Amino acid sequence: MLHLLWLIPAFPLASFVVLATLGKRMPRKMVPVFGAGSIGLSAVVTSLVGFSFLTSPPPGNSFTQVLWTWIDVGGFRPDIAFYLDALSLVMVLVVTFVGFLIHFYSAEYMGEDEGYSRFFAYMNLFVASMCTLLLGANLLLLFLGWEGVGVCSYLLIGFWYRKPENGLAARKAFIVTRVGDTAMTLGLFLLFDKLGTLNIQDLMHQALVQWPVGSTLPVVAGLLLLGGAVGKSAQLPLQTWLPDAMAGPTPTSALIHAATMVTAGVYLIARTHVLFSIAPQAQLAVAIVGAATLILAGFSAITQSDIKRVLAYSTVSQIGYMFLALGVGAWSAAIFHFMTHAFFKALLFLGAGVIIESLHHEQDIFKMGGLRKEMPVAFWTFLAGACSLAGLPLITAGFYSKGLIIWDTWSSTRGSSVLWVAAVLGVLLTSLYTFRLIFLVFFGEMKTKVHKRPGFAMMMPCVVLAVLSVVGGFVDTPEFLGNIHSFSDFMHLALPPITERPLRGMTEIGSEALVTLVFLIGLGVSYLLFIKRRDLAEAITAPAIAKALHRFWYTDWGMDWLYERVFVRPIVWIARVDKSDFIDYIYSGIALITELLYHGVRRTENGRMRWYAAGIAAGSIIFLTIVLFL
């Protein structure tokens, strides 16, 4: 079964080709058959490959499938080859399975859109690119998938291109992520120049052998790869594109946030964990970036009024948790949270799509309310995802994955009490903005009437993901709740276990107890401000300083304002000043000479045959003279 590995990206890629070329001509009912069906086939193949991997593990717990040689120039010989181990298997399983549910949902959600086939073509290319990124055996093939998801994000964010603001959001995402991609490209050049290969496993071995721990080269290479990761995963300081990416269709948002694109940076760092382990400064930078991002994004989420932007900032914050885990060496904990996050974040975006579709495309949470009884299935499924996001103790997947990260932040040799406090503060903020969202959307009086009920294709994925958002965390539990380590043990086949230091001052159960207390504080404050005493929330935000702080957080801590003045305006000014420099005169002069020659030659086209004959004769004489005498 392992030899079927190449079919995982091949099915969605083939469907993209079919839909891109024949989509407009095929019957409308056939579009989702190809669009969602290809992802379903990919998920089935992934399951078969995974079953074979688990029941008959390959030698070394990894399998490499070489299809053909891609390039062979001067000793540079990368292959089109796929690499499967525990890490890539878990990632691809989540991408294909969650991706299929999102595609299934899209069949109904996008059913009346004029770009129906185009939408599925882009989505299929998105999944194919992500699978290529995850399975690539060398960094060049990984980079091909990396750029593929970047292009697809541009196409899907700007899918409704007739609205100028959508095109602006798409360009912003493309340009901002290019900044990170430039850093990553430099990192690949550095690694190949110094180590002579881009094959990931050979590269990691060479780095471990040739570079001493803490030396300059691995640190620089690690920081450059981190630059690429923060761009794709929307971490500080390149997080500004993701909230604006909500301009795309809601299924696109679900796919970007849950299964593709933003998790690529997490995978890149996990896949190159050997490099970061010998570059402790770069690994510390990963932890600091994650901790800072999860706090800043949490404050921004509290102030948003658009339901999708609240979820967007929550994604930025939760990816921050994954970066924090990677930074302290809790590699398996980061991938565990990636998996649970994929379940509850896909559910939340799909649930948001149900709500938006039912309320005349209304996205302002302050114009919602009272939907708990009107849309009971949507309420309970959305509540399951939201509780998992906030980390409802004991019964939700998010509690176990996030709790493991927080504990590892304290207990790891590369952790610290400062990072632990940042992670716990993130729990408080998450609880606040999550239950603020729940209370405003589903409780209180109804402000917008429901005009449309979702069908089976939209609700079935929500129900499945709601179940996974609850039970998905029981594969890894703390010592006082069963001490199950099935997921971590499996991930240790590809990633090293965390290095723990002697316990000091707090145990795991103590950490979980404090996290639970902080969760309950956030829930209580949200209940007080948005259910019991809404006038109190208005009173808190009434003073001028509170309004200014609210505006500051609402605008992503002024990051767009800062970038506009530091980068955009100077570049635009230089372009305007430089638009008439002397370089332009060179090309303008060439164009003018060409135009004059054209006018000169045009006069010879006068229709007089004698002049044509004379010209031919003169040309022949000149040519013969040159041949004979020169």
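The values are calculated or read from the model by the stated rules, or taken from the named source; none is laboratory data. Note that the structure is a prediction, hence the values are computed from the model and not measured. Note that each Cβ is placed from the backbone with ideal geometry, even for glycine, and that neighbours are counted across all protein chains shown.
Do the conditions hold for Phe119, that is, is it of a type in the set (Phe, Trp, Tyr) and closer than 30 Å to Ser332 by Cβ?
On the way: of a type in the set (Phe, Trp, Tyr): yes; closer than 30 Å to Ser332 by Cβ: no.
Spelling it out, it is not the case that Phe119 is of a type in the set (Phe, Trp, Tyr) and closer than 30 Å to Ser332 by Cβ.
Restricting the search to the stretch 446-463, which residues are under 19 Å from Cys387 (Cα atoms) and buried (at least 18 other Cβ atoms within 10 Å of the Cβ)?
Here is the first cut: in the stretch 446-463, the ones under 19 Å from Cys387 (Cα atoms) are 459, 461-463.
Within the stretch 446-463, Met459, Pro461, Cys462 meet the criteria.
So which residues in the stretch 267-277 are of a type in the set (A, V, I, L, M, F, W, C) and in contact with a Phe, Trp or Tyr (Cβ under 6 Å, 6 or more places away or on another chain)? Explain how you work it out, then say what you get.
Applying the first criterion (of a type in the set (A, V, I, L, M, F, W, C)) to the stretch 267-277 yields 268-270, 274-276.
Across the stretch 267-277, the qualifying residue is only Ala270.
Give the number of residues within the stretch 238-266 that are closer than 18 Å to Leu294 by Cα and among the hydroxyl-bearing types (Ser, Thr, Tyr).
Here the count works out to 2.
Among the numbered criteria (1) closer than 23 Å to Arg533 by Cα; (2) in contact with a strand residue (DSSP E or B) (Cβ under 8 Å, 6 or more places away or on another chain); (3) among the hydrophobic types (A, V, I, L, M, F, W, C), which single criterion is violated by Leu404?
Failing condition for Leu404: (1).
Please pick out the residue among Trp160, Trp146, Trp211 that is of a type in the set (Phe, Trp, Tyr), over 25 Å from the mean Cα position of the chain (by Cα) and on the phi < 0 side of the Ramachandran plot. Spell out the reasoning first.
On the way: Trp160 fails: over 25 Å from the mean Cα position of the chain (by Cα); Trp146 fails: over 25 Å from the mean Cα position of the chain (by Cα).
Exactly one of Trp160, Trp146, Trp211 is of a type in the set (Phe, Trp, Tyr), over 25 Å from the mean Cα position of the chain (by Cα) and on the phi < 0 side of the Ramachandran plot, namely Trp211.
Checking Pro164 against (1) without any contact (Cβ under 8 Å) to a residue 24 or more places away in the chain; (2) buried (at least 16 other Cβ atoms within 10 Å of the Cβ); (3) farther than 24 Å from Ser233 by Cα, which test does it fail?
(2)
Let me spell it out: the conditions are (1) touching a Pro at 6+ places or on another chain (Cβ under 9 Å); (2) modelled with pLDDT under 95; (3) not basic (Lys, Arg), and Gly158 meets all of them except one. Which number is the exception?
Failing condition for Gly158: (1).
Filter the stretch 292-333 down to residues that are surrounded by fewer than 24 Cβ atoms within 10 Å (Cβ to Cβ) and either aromatic (Phe, Trp, Tyr) or in a loop (DSSP other than H, G, I, E, B) (or both), then give me how many there are.
3
Are there any pairs with C-beta distances below 8 angstrom linking a residue in the stretch 77-106 that is free of Cβ contacts under 8 Å to residues at least 12 places away in the same chain to a residue that is hydroxyl-bearing (Ser, Thr, Tyr), with the two at least 6 apart or on different chains, and if so which?
The qualifying pairs are Arg77/Thr69.
Name the one entry in Tyr554, Tyr612 that is more than 29 Å from Tyr313 (Cα to Cα) and surrounded by 13 or more Cβ atoms within 10 Å (Cβ to Cβ).
Working: Tyr554 fails: more than 29 Å from Tyr313 (Cα to Cα).
After applying the criteria, what remains is Tyr612.
For the stretch 449-547, give me every one of the helices (runs of 4 or more DSSP H) that falls completely inside it and has 3 or more residues that are over 30 Å from the mean Cα position of the chain (by Cα).
Details: elements: 456-471, 486-491, 508-527, 534-540.
Counting at least 3 such residues, we get 508-527, 534-540.
Under 8 Å between Cβ atoms, at least 6 apart or on separate chains: pull out the pairs that start in the stretch 304-328 with a residue that is under 17 Å from Leu440 (Cβ atoms) and end on any residue that is assigned to a loop (DSSP other than H, G, I, E, B) and not acidic (Asp, Glu).
Qualifying pairs under 8 Å: Asp306/Gln363; Ile307/Gln363; Ile307/Met368; Lys308/Gln363; Val310/Gln304; Tyr313/Gln304.
Would you check if Val149 is buried (at least 21 other Cβ atoms within 10 Å of the Cβ) and either in a loop (DSSP other than H, G, I, E, B) or touching a residue at least 40 places away in the same chain (Cβ under 8 Å) (or both)? Write out each step before concluding.
On the way: buried (at least 21 other Cβ atoms within 10 Å of the Cβ): yes; either in a loop (DSSP other than H, G, I, E, B) or touching a residue at least 40 places away in the same chain (Cβ under 8 Å) (or both): yes.
Yes: the conditions hold for Val149.
Among the residues of the stretch 193-249, what is the count of those that are in contact with a Gly (Cβ under 6 Å, 6 or more places away or on another chain), hydrophobic (A, V, I, L, M, F, W, C) and outside any helix (DSSP H, G or I)?
Result for the stretch 193-249: 1.
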